[in-house]
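Written below as structure tokens is the structure these notes are about.
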Amino acid sequence: MEIVQAEEKDLHYSGTRVKRREDQRMITGHGQYTEDIKLPGTLYASFVRSEYAHAKILEIDCKKALSIKGVVGVLTGKDIEGKLNPIPTAWNIPGADLHVPKYNAIAVDRVRYAGDPVAVVIAESPYIAEDAVEMVSVKYEPLEPVLDMEKAESQSAPLIYEDVPSNRAFLWKLDTGNVDETFRNADLVVKQRIVNQRLQPASMETRGALAEYNSGTGITTVWMTTQNPHVHRFLLSLVLGIPEHRLRVIAPDVGGGFGSKISCYGPEAVVCYLSKLYGRPVKWNETRRENFLATTHGRDHIQYVEMAARKDGTVLGIRAKVYANMGAWLSTAAPGVPTILFGLILPGQYRIKAIGCEVHGILTNTVAVDAYRGAGRPEASFIVERMMDILAGELKMDPAELRRRNFIPAGEFPHAVPTGLVYDSGNYERALDKAMDVIGYSDLRKEQERLRREGKLIGIGISSYIEVSGLGPSRVVRSTGFGLGLWESATVRVHPTGKVSVFTGGNPHGQGEETTFAQLAADELQVPMEDVEIFHGDTGMIPFGMGTYGSRTTVVAGGAIAVSCRKIVEKARKIAAYLLGIPELDVVFEGGKFHPQGDMEHFRTMADVALAAYAAGEGEVPEGMEPGLENTSFFDPENFVYPFGTHICQVEVDPETFKIRIRRYVAVDDCGKQINPMIVEGQIHGGIAQGLAQALYEETVFDDSGTLLTASLSDYAMPTAVEMPVIESYFTETPSPHNPIGVKGVGEAGTIAAPSAVVNAVMDALSPLGIRHIDMPLKPEKIWKAVNAQKSSHK
């Protein structure tokens, strides 16, 4: 695809397909990740991990490990007990009988999942450390593990924590007040049990940390794989018991995260503690197996869903009883994911008046579950879109027509939904129409009828999704129990030569914002893009920021950059007016030049103004004006943003092998204004890849003892390029009024839309066989079993 480069003369970069500037270093091997950072005298940490999902620790014998040459020390949970505080939970949802268990960085007396750390080895090399781990002998008393969410609350189930009754961390309820009556008076109620399976984030770079304590300053610097450096610094300070200004967190290049690098984990805190204890830098990096064992997983819901409707297809209500697996502890954002981010978006794109939701947050003897690309929104969109198709089947109505009848009309925005959210802007019917036009929906249905007569299993699936993203309004998120506000910061500095440095509190780690933000700042300041440099990820350099997740970075961090740039332009206008000797109101700023209205011959450039601002002498800046040309802004949006779209998938299921082939996949998305369409398309494509993976391939599997069976890439079925279809990507544009640049989030859209589009298509293909629903992933074996079960029931 041809990349159209922006012309320097017009200084208009937004909306153009500028190549990602960060790719040059990434694809040539010049990126610098945590593992690449080398410090003299570094020690290496490796963790001894439990082989049991639930057991008492009876004895830990470290003698053999300590006898190995190069081993500096071995510490157990009891050795550091009282020196590190428990791992905190940052989203303490109110009104939900929340129980936050005490979870230690290293287990003290009991392990609660297979992979729980019980000791840490410190050695002169990573290889010695790993060898020594094998020499640590641990005696356990195995306990019965809690693995079944639906049985975990029973009186007969063992307790994982004595102070968490019934293994229930919380019970969150949402009721718009008219749910029971709505369902009683409905013409039709459809019901379905849906499993949204557990998934394992598998970013290219696993987690790691390198800590260095400076005894002269008392400051610990930690390089780590984080999506939110300042938040990690805040949480680590709570665990370590040291003030924030004595901690510096640096995120160098980060090889993806998908939500798994938001959370505060124990090993990063342990590494910081060890550096101070031994007076040397200490490094730790996960293996891929450790990553799958001990880095947070995602999804894992069992959902009992009902949808109420009239005979004409008007959807009246939806309610769900949900068991959400929290794993062995409440990770950083875990309580908010299956509640706030899930329940509040259940209306979808539709005028559904009655919403009911009951979420049981269940502790089990598995690794913790937290945010994973989409975080609550994919789970909500999936049940809404599956139920729409199931309802359409019961009504014998085309699923596209059912959706169209229930859409919120384009003229009703902003639109308040019963859950309390206010959708900012949208035109849902236009996105559906475009997707149907592109794929040739009417002709596709006719082709489907013809091919079915030939014995082929052809299906068409629709997913009309919406998400709440651009996580930002601080008053709103604080009311939900989130630990801090979700504003974002930016410092924009114009140097005396006119070059620009942008310091953002966002922390991109693969999304492309080093390019996007440079385009944005270049346009706002009307300077060449190559004159703009983006800095992020270092708490010692940037203002306090909330980081990158929830499709918020371009929306909120980009908003902060735009606000700072505009304040700089206003100051520069005053200086330019002074230099030109004209009233400020007569100054026009266009094409990178400040000039009098109607006079292009006399002007000052941004560089001219910047030099005068720093020179600050007589005749250079107005009297009383502060020198310099920079601004720091904290942007707190008034509302979230609500990206939306419609994806349509056509599949063919082989009637003998039940292998699924995606014949076509059309995506129509609306993320508001687009700064870089190429990057937007890349985000959509990547999101769809992960959504297709959930629909067809990926699934976390534990055995009856709680041992993770999908602990390697040989066992966890991630798709490759071979399995990916051609994605036909199109857009509509409905700007958001709630940020200065009109953008909406896009990083999670594909992951939210794709699972229901694919599953709806497969279920449509299997509908002639009498099959209504199969839970993800739709592996051939599952389909074979469902088909044979259906045949047996007929016999």
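Overview of values
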read-out: Cα centroid separation, the range 644-682 to the range 267-290 (Å); value: 42 Å
read-out: Furthest towards positive pole of dipole, Leu708, Leu692, Val680, structure part the range 667-716, Cβ charges; value: Val680
read-out: Euclidean distance between Cα centres, the range 462-517 to the range 137-185, Å; value: 35 Å
read-out: Order by protection proxy (mean Cβ within 10 Å, highest first), peptides 48-54, 724-730; value: 48-54, 724-730
read-out: Set of lysines with alpha-carbon distance to Lys499 below 21 Å, sequence-local pairs under 8 removed; value: Lys9, Lys19, Lys567, Lys571, Lys574, Lys593
read-out: Rounded, prolate or oblate (a/c below 1.5 giving rounded, otherwise prolate when a/b exceeds b/c) for the range 445-541 by Cα gyration tensor; value: oblate
read-out: In nm, spacing of pseudo-spin labels at Met724 and Glu656 (7 Å Cα→C-beta vector); value: 3.1 nm
read-out: Global geometry of the range 346-472, whether rounded, prolate or oblate, following the gyration tensor of its Cα atoms and the 1.5 cut on a/c; value: oblate
read-out: Point-to-point label distance, Glu447-Asp775, nm (Cα→Cβ direction, 7 Å offset); value: 3.4 nm
read-out: Neighbourhood net charge (13 Å Cβ-Cβ; Lys/Arg +1, Asp/Glu -1) for Gly598; value: -4
read-out: Radius ratio Rg over Rh of the chain, counting only Cα atoms, Kirkwood formula for Rh; value: 0.99
read-out: Links that overshoot a 21 Å alpha carbon limit, given the list Lys151/Lys782; Lys396/Lys782; Lys456/Lys782; value: Lys151/Lys782; Lys396/Lys782
read-out: Within straight-line cross-link reach of Lys283, lysines at Cα separation under 25 Å, skipping those fewer than 8 residues along the same chain; value: Lys38, Lys63, Lys64, Lys69, Lys78, Lys83, Lys261
read-out: Cα convex hull of the range 692-795 - mean projected area over all directions, nm²; value: 11.0 nm²
read-out: Magnitude of the charge dipole, the range 287-338, Cβ model with Lys/Arg +1 and Asp/Glu -1, debye to 20; value: 100 debye
read-out: Radius 12 Å from Cβ of Thr491, net charge of other residues (Lys, Arg +1; Asp, Glu -1); value: 0
read-out: Accessible area per residue in Å² at 1.4 Å probe, computed on the range 246-377; value: 20 Å²
read-out: Dipole-positive endmost among Ile774, Gln511, Ala333 within the chain (Cβ charges, Cα centre); value: Ile774
read-out: Dipole magnitude of the range 55-210 about its Cα centre (Cβ charges: Lys, Arg +1; Asp, Glu -1), debye to nearest 20; value: 140 debye
read-out: Gain upon complete extension [Thr707, Lys139; 0.36 nm per residue less C-alpha separation]; value: 202.7 nm
read-out: Among Leu247, Val195, Met224 the positive-end extreme of the charge dipole of the range 157-265 (Cβ point charges); value: Met224
read-out: Solvent-accessible heavy-atom area per residue, rounded to whole Å², over the range 746-795 at 1.4 Å; value: 38 Å²
read-out: 222 nm mean residue ellipticity, helices alone, for the chain (DSSP H n ≥ 4; -39,500 (n - 2.57); rounded to 500); value: -8500 deg cm²/dmol
read-out: Surface share of carbon and sulfur [accessible, 1.4 angstrom probe, percent] for the chain; value: 50 percent
read-out: Dipole magnitude (debye, nearest 20) for the chain, charges at Cβ of Lys, Arg, Asp, Glu; value: 1780 debye
read-out: Packing rank of 732-743, 237-248, 510-521, 709-720, where each peptide gets the mean count of other beta carbons within 10 Å, highest leading; value: 510-521, 732-743, 237-248, 709-720
read-out: Asp175 versus His794: modelled label distance in nm, points set 7 Å from Cα along the beta carbon direction; value: 4.4 nm
read-out: Glu530/Met600 FRET efficiency (R0 25 Å; Cβ-Cβ; nearest 0.05); value: 0.55
read-out: Neighbourhood charge, 14 Å Cβ-Cβ cut-off, centred on Lys151 and excluding it, Lys, Arg +1 and Asp, Glu -1; value: -4
read-out: Gyration tensor (alpha-carbon) shape descriptor, the range 139-220, a/c threshold 1.5; value: prolate
read-out: Those trypsin sites (Lys or Arg not before Pro) in the range 607-684 that DSSP places in a loop and that have at most 15 other beta carbons within 10 Å; value: Lys659
read-out: FRET efficiency for Leu484 and Lys78, using Cβ-Cβ distance with R0 set to 41 Å, rounded to 0.05; value: 0.80
read-out: Relative contact order of the chain, pairs being alpha-carbon contacts under 8 Å that are 6 or more residues apart, as %; value: 15 percent
read-out: Förster-model FRET efficiency, 56 Å R0, Ala616 and Leu188, C-beta, rounded to 0.05; value: 0.15
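The values are calculated or read from the model by the stated rules, or taken from the named source; none is laboratory data. Note that this is a predicted model, so its numbers are computed, not measured. Here Cβ is always computed from backbone atoms with ideal geometry, including for glycine, and neighbour counts include all displayed protein chains. Surface accessibility is based on the protein's heavy atoms, side chains included, excluding ligands, DNA and RNA. Shrake-Rupley method; radii C 1.70, N 1.55, O 1.52, S 1.80 Å.
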